[in-house]
Amino acid sequence: MDRKNILLIGFMGTGKSTVSSRLKKRLDMKEVDTDALIVKREGMSISDIFAQKGEEAFRNMETALLEELESQRNLIISCGGGMALRDENAAIMKAAGTVVWLTAEPETILKRVKNDDSRPLLRGNKNTAFISDLLEKRRPKYEAAADIAVATDHRRINDICDEIIRKIDEN
Ligand code: S3P
């Protein structure tokens with residue numbers, strides 16, 4: 001079956017990549033990871049893009065990529081954690097498919113990100129106070145961009161996918 005795109009949004013460490021690869025198998029869709037595609041095209045890591053070109057340049061790359069993907073179908077688009085921050089992106093995402101917001105508590109996020117140094121915004125900030133503060137600042141943006149929300153704390157990946165599929169079909 002040819003499905004409407006599914007866009008996964010949410011804070012770093014909410015499980016977007018893991019959920020994306022499981023959903024891809026279960027729904028027989030194609031998968032695009034915006035971070036991975038930007039890294040591939042630029043030929044440098046996210047940290048190097050932030051350091052050498054600046055965050056604004058990275059955000060422009062994200063918007064351009066979304067515009068490029070909008071007209072396609074049958075994609076699971078796993079978005080970088082900051083994708084929902086621009087209202088412009090939120091509008092493109094809504095037009096591109098169903099926007100699924102994955103949530104997690106700061107403690108869960110910290111556990112998932114603590115051994116990974118690929119995220120420039122968390123460098124030197126791997127503590128629940130920082131995560132919780134940034135999460136609260138961003139929450140209204142995620143909420144506004146999302147069609148549906150699914151919690152990921154202490155849950156099996158297949159249960160999370162079951163809930164996503166059920167809510168998408170109801171949406
Ligand atoms: C970011 C999240 C990262 C990546 C970049 C910025 C953010 O993606 O796009 O480091 O602003 O939340 P993940 O959510 O996949 O870690």
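Accessible area per residue, 1.4 Å probe, Å², for the chain: what's the number? Each step should come with its number before you reach the end.
On the way: 8520 Å² over 171 residues.
With all protein chains present, the chain gives 50 Å² per residue.
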Which shape class, rounded, prolate or oblate, goes with the chain when its Cα gyration tensor gives a ≥ b ≥ c as root eigenvalues, a/c under 1.5 marks rounded, and past that a/b bigger than b/c marks prolate? oblate
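Rounding to the nearest 20 debye, state how big the charge dipole of the chain is about its Cα centre with +1 on each Lys and Arg Cβ and -1 on each Asp and Glu Cβ.
Details: 29 positive and 29 negative charges, 79 e Å.
Using Cβ point charges on Lys, Arg, Asp and Glu, the chain gives about 380 debye.
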What 222 nm value per residue comes from the helices of the chain, counting each DSSP H run with n ≥ 4 as -39,500 (n - 2.57) and dividing by all residues, nearest 500 deg cm²/dmol? -16500 deg cm²/dmol
Between the alpha carbon centres of the stretch 7-72 and the stretch 106-171 the gap in Å comes to 15 Å
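Tell me the net charge near E31. Cut-off is 12 Å between Cβ atoms, E31 excluded, with +1 for each Lys or Arg and -1 for each Asp or Glu. It would help to have the intermediate numbers written out before the result.
On the way: positive: K16, R22, K24, K25, R26, K30; negative: D28, D33.
Summing Lys/Arg as +1 and Asp/Glu as -1 gives +4.
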Equivalent ellipsoid, the stretch 56-120 (semi-axes from 5 times Cα gyration tensor eigenvalues, Å): 24, 15, 11
Taking the dipole about the Cα centre of the chain, with the C-beta of Lys and Arg at +1 and of Asp and Glu at -1, give me whichever of A149, G13, S132 is farthest to the positive side. G13
Put a dot 7 Å past each Cα toward the Cβ at K137 and E170; how far apart are the dots in nm? 3.4 nm
Taking 7 Å along the Cα-to-C-beta vector as the label spot, tell me the N115-S21 distance in nanometres, rounded to one decimal. 1.5 nm
Run the paramagnetic zone check for I157: 7 angstrom along Cα to Cβ, then residues of the stretch 108-139 with backbone nitrogen under 18 Å. 109, 111-116
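Using a 1.4 angstrom probe on heavy atoms only, work out the carbon and sulfur share of the accessible area of the stretch 5-170 in %. Walk me through the numbers before you get to the answer.
On the way: 3750 of 8000 Å².
Here it works out to 47 percent.
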Starting from the Kirkwood Rh over alpha-carbon pairs, what translational D in µm² s⁻¹ does the stretch 1-73 have by Stokes-Einstein at 20 °C and 1.002 mPa s? 158 µm²/s
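The values are calculated or read from the model by the stated rules, or taken from the named source; none is laboratory data. Just so it is clear, the model here is predicted, and its values are computed rather than measured. A quick note on method: Cβ atoms are made from the backbone with ideal geometry, for glycine too, and the neighbour counts reach across all protein chains shown. The area values use the complete protein model at the heavy-atom level, side chains included, leaving out ligands, DNA and RNA. Shrake-Rupley method; radii C 1.70, N 1.55, O 1.52, S 1.80 Å.
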